[in-house]
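Everything below concerns the one structure shown next.
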Amino acid sequence: MQPINVFEYEELARQRLHPALWNNYSAGANDEVTLRENRAAFERLQLRPRMLVDVSHIDLRTTLLGTPVAMPIGVAPSGPVDGAAREEGECATARAAGALGALMIANTGSARPLEDIAGAATGPLWFQLYFSSRTRTRAEWLVQRAEKAGYQAIVVTVDSPVFGYKDRSERTEDWFDWPPLGNLIDAPPTDDGSEEDNNGAAITWADIEWLRTVTRLPLVLKGVLTEGDARLGVEHGVAGIVVSNHGGRQLDTVAASIDALPEVVDAVAGQCEVYLDGGVRRGTDVLKALALGARAVFVGRPVLWGLAVSGAEGAQHVLELLRDELELAMALAGRPTLTSIDVSLVRSTPRHRTS
Ligand SMILES: Cc1cc2nc3c(=O)[nH]c(=O)nc-3n(C[C@H](O)[C@H](O)[C@H](O)COP(=O)(O)O)c2cc1C
């Protein structure tokens with residue numbers, strides 16, 4: 001029987017995946033307070049629908065940094081892709097997103113090289129970059145490849161100078177045969193000759209400045225949670241910010257993404273686009289994020305679950321479920337277009353300043 005919501009995909013993926021990979025996917029950092037908050041905060045927010053509005057035509061189309069997309073729901077960078085999509089890897093994700101006109105962010109750590117992913121894609125792609133001042137040569141090499149392959153923005157993940165400690169998956173990490181990173185075959189060594197993975201504790205705003213000088217692509221910062229960093233991002237010329245706590249996987253006890261969103265939206269005051277990821281599992285979650293000022297949301301784990309269960313088809317179905325739920329929620333809320341969704345749609349709480 002085909003799953004009827006994202007949570008059913010979660011359960012099927014759990015049954016299907018190697019337990020070590022399952023632990024890795026589902027883990028948050030430490031006590032998983034933020035992981036739980038990502039869901040709880042969405043559930044706490046109440047909607048304030050308007051009645052007697054003509055909702056016979058719902059329009060989900062928008063643009064992300066000028067690129068048209070069919071819906072304000074895209075794919076967050078995450079992996080490794082496994083289960084039914086193991087062979088095809090991230091190319092399956094690209095096919096699923098493309099079939100729906102949704103944007104995909106491919107990650108530095110993908111199993112398939114970014115060129116293969118671009119070859120499989122029929123929709124827009126952004127490239128997520130891990131780098132530091134010690135891996136600038138490698139970063140430039142990756143960015144140039146991404147430009148050449150047709151990626152339309154570089155998404156720098158800024159919440160991972162080091163990786164968070166995931167207690168839930170710590171003891172089982174070695175049980176799984178992790179795929180090699182397709183993007184890093186023949187990669188240039190680190191600039192200082194150090195043994196290093198792709199991110200590094202040394203990344204600072206100076207690296208963002210430097211990155212701007214080596215690419216013509218717009219930069220998006222992923223992992224901003226506070227107004228101070230949002231303002232600095234604008235000052236450093238970024239085109240977009242993803243409000244994200246990395247799916248609760250980095251610093252535990254930070255705010256849920258949806259709770260951090262209003263602060264960032266206020267701080268940037270329209271000077272760059274703002275997106276959200278973390279805990280989006282229902283169309284109403286998407287609606288709430290849009291109401292609080294996100295231009296789009298990205299989903300991480302749900303797409304991995306869909307891929308695990310039935311490959312590209314499963315990932316596409318997960319995105320379709322979210323899209324259809326969003327459409328339904330917009331109709332029931334009396335908001336037939338994205339521009340009709342505003343802050344008055346969510347009930348005022350001390351943390352969310354609403355009208
Ligand atoms: C298994 C897994 C791997 C991830 N890998 C990356 C990554 O390589 N780069 C990155 O920027 N974010 C990574 N993320 C974070 C996602 O991009 C995203 O921020 C998060 O999954 C959103 O929360 P959600 O899973 O609740 O939708 C990963 C998340 C998961 C669950």
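The values are calculated or read from the model by the stated rules, or taken from the named source; none is laboratory data. All values reported here derive from a predicted model rather than from experimental measurement. Using ideal geometry, Cβ is built from the backbone for each residue, glycine included, and neighbour counts are taken over all protein chains shown. Ligands, DNA and RNA are excluded from the accessible area calculation, which covers all protein heavy atoms including side chains. Shrake-Rupley method; radii C 1.70, N 1.55, O 1.52, S 1.80 Å.
Only one residue in MET1, MET71, MET51 is within 19 Å of ASP285 (Cα to Cα) and outside any helix (DSSP H, G or I), so which one is that?
MET71
What single numbered condition from (1) open to solvent by less than 10 Å² (accessible area, probe 1.4 Å); (2) part of a helix (DSSP H, G or I) fails to hold for GLY98?
Single failed check for GLY98: (1).
Before we move on, is GLU11 open to solvent by 50 Å² or more (accessible area, probe 1.4 Å), over 30 Å from LEU251 (Cα atoms), free of Cβ contacts under 8 Å to residues at least 12 places away in the same chain and more than 14 Å from the ligand (Cβ to nearest atom)?
Details: open to solvent by 50 Å² or more (accessible area, probe 1.4 Å): yes; over 30 Å from LEU251 (Cα atoms): no; free of Cβ contacts under 8 Å to residues at least 12 places away in the same chain: yes; more than 14 Å from the ligand (Cβ to nearest atom): yes.
The answer is no for GLU11.
Within segment 284-294, can one find any residue that is touching a Gly at 6+ places or on another chain (Cβ under 9 Å) and either over 20 Å from GLU37 (Cβ atoms) or of a type in the set (A, V, I, L, M, F, W, C) (or both)?
Looking through segment 284-294, none of the residues is touching a Gly at 6+ places or on another chain (Cβ under 9 Å) and either over 20 Å from GLU37 (Cβ atoms) or of a type in the set (A, V, I, L, M, F, W, C) (or both).
Working carefully through the options THR226, THR213, THR157, find the one that is among the polar types (S, T, N, Q) and in contact with a Gly (Cβ under 8 Å, 6 or more places away or on another chain). Before you say what the answer is, go through the steps one by one.
Details: THR226 fails: in contact with a Gly (Cβ under 8 Å, 6 or more places away or on another chain); THR213 fails: in contact with a Gly (Cβ under 8 Å, 6 or more places away or on another chain).
One residue alone meets the criteria, THR157.
Considering only segment 198-303, give the strands (runs of 3 or more DSSP E) lying wholly within it that have at least 2 residues that are surrounded by fewer than 24 Cβ atoms within 10 Å (Cβ to Cβ), away from the ligand (no atom under 16 Å from the Cβ) and modelled with pLDDT of 95 or more.
Details: elements: 219-224, 240-243, 273-277, 296-299.
Passing ranges: none, list empty.
When the residues of segment 139-192 are narrowed to those that are within 29 Å of GLU32 (Cα to Cα) and of a type in the set (Ser, Thr, Tyr), which ends up surrounded by the most Cβ atoms within 10 Å (Cβ to Cβ)?
THR157
What about ILE208, is it β-branched (Val, Ile, Thr) and touching a Phe, Trp or Tyr at 6+ places or on another chain (Cβ under 7 Å)?
Taking the combined requirement at face value, the residue does not satisfy it.
Return yes or no: is ARG112 in a helix (DSSP H, G or I), crowded, with 22+ Cβ neighbours inside 10 Å and either more than 14 Å from the ligand (Cβ to nearest atom) or under 19 Å from the mean Cα position of the chain (by Cα) (or both)?
Criteria not met by ARG112.
In segment 14-35, what residues are assigned to a helix (DSSP H, G or I), within 11 Å of the ligand (Cβ to nearest atom) and not hydrophobic (A, V, I, L, M, F, W, C)?
ASN23, ASN24, TYR25, SER26, THR34
Every residue in segment 56-72 that is open to solvent by less than 40 Å² (accessible area, probe 1.4 Å) and of a type in the set (A, V, I, L, M), please.
Those that are open to solvent by less than 40 Å² (accessible area, probe 1.4 Å) and of a type in the set (A, V, I, L, M): ILE58, LEU60, LEU64, VAL69, MET71.
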